[in-house]
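The values are calculated or read from the model by the stated rules, or taken from the named source; none is laboratory data. What you are looking at is a predicted structure, and each value in this text was computed from that prediction instead of being measured. As a convention, Cβ positions derive from the backbone with ideal geometry for all residues, glycine included, and neighbour counts pool all protein chains shown.
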Amino acid sequence: MSNSAGGVDVTTFGEDPRPPTSKTQTTPGWLAIRVRRYLPAVAIFIGGLAMWETAVRVFNIQGFLLPKPTEIATTFVDEFPTVVSAGWFTMKEALGGFLIGSVLAMSLALLTARWTIVRDGLMPFAIAINATPIIALAPIMNNWFGVTSPLAKMSIVAVIVFFPVMINMVRGLTEVDESTIELMRSYGATPLQLLTRVRVPNSFPFLFSAFKVGTTLSVIAAIVSEYFGGSREALGIYISQQAALFHFAEAWSAIVVASVFGILFYLVVALVERAVMPWHASIRTITD
């Protein structure tokens, strides 16, 4: 703001006489930021497919060893209804097992974080269960619940997801800044208030890291468990049957579906993470 006094232009103290600059002129737009962030990944993906296609053609690699991406894409389009239906059937098993394992793990983590004797007593059993391979669990679960029962596959997924979720949540519940605990106690906070207002929020970053790992583990566990028997609608059965018939392009198209479902599962958990803990530094870095 300026006033004219005796022909001299007087500018109000503290104001910039220059015209304001639009924010859009100095700050990249949302779309430009996203393009710059994800363009390298897209370029690497496309470049990898191009190298794959070139290598198969140049070195004359047989289809039963490694089909061409173009052949897989064509087969994927032809088999789309079948592989997507099979993928969704297996994904429901992965989702069910993920929820069962996560709920059990979080419940046990709350107990073990509260009472050290429970943690010391149960931790060896949790480690032992996690060390058991899927190929050993699958026949046992199939015998317990039935070969075609989705509950058998969910149980295997739950066992695989259980350990990382429990370990990470226990760490988040126990690794709390002592000064924060002392401050809350000075205000007369009860143990329940310390749990709900300090320990549980502190565990969220650890917990969602475990959830993200669990998304991929659950899909892998569900598919591998189906190799030992299951419904004909399952993705693992489809892959094993097509591979046995030397229809490897069909098998690879099913693998593509499994990858897509796994990525979508991961993205859903990441979106929930942003909604639950927008205050965390990692989330603010992503959204800024």
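Does region 171-188 contain any residue that is touching a residue at least 12 places away in the same chain (Cβ under 8 Å), in contact with a Ser or Thr (Cβ under 7 Å, 6 or more places away or on another chain) and more than 30 Å from residue 223 (Cβ to Cβ)?
The answer is yes, given that some residue of region 171-188 is touching a residue at least 12 places away in the same chain (Cβ under 8 Å), in contact with a Ser or Thr (Cβ under 7 Å, 6 or more places away or on another chain) and more than 30 Å from residue 223 (Cβ to Cβ).
Considering every residue within region 26-49, establish whether at least one is surrounded by 11 or more Cβ atoms within 10 Å (Cβ to Cβ), at pLDDT 85 or above and not assigned by TED's automatic domain parsing to the domain that holds residue 239.
Yes, there is a match, as at least one residue in region 26-49 is surrounded by 11 or more Cβ atoms within 10 Å (Cβ to Cβ), at pLDDT 85 or above and not assigned by TED's automatic domain parsing to the domain that holds residue 239.
Give the residue, chosen from 74, 112, that is in a helix (DSSP H, G or I), buried (at least 16 other Cβ atoms within 10 Å of the Cβ) and assigned by TED's automatic domain parsing to the domain that holds residue 217.
Exactly one residue qualifies, and that residue is 112.
Suppose we filter 40, 67 for residues that are within 27 Å of residue 238 (Cβ to Cβ) and either part of a helix (DSSP H, G or I) or touching a residue at least 40 places away in the same chain (Cβ under 8 Å) (or both); which single one remains?
67
For residue 146, state whether it is over 25 Å from residue 259 (Cβ atoms) and free of Cβ contacts under 8 Å to residues at least 12 places away in the same chain.
Yes, satisfied.
With the requirement that a residue be in contact (Cβ under 8 Å) with a residue 40 or more places away in the chain and outside any helix (DSSP H, G or I), what does region 249-281 give you?
277, 280
Just name the residue that is surrounded by the most Cβ atoms within 10 Å (Cβ to Cβ) out of those in region 216-241 that are assigned to a loop (DSSP other than H, G, I, E, B) and among the small types (Gly, Ala, Ser).
Among them, the one singled out is 230.
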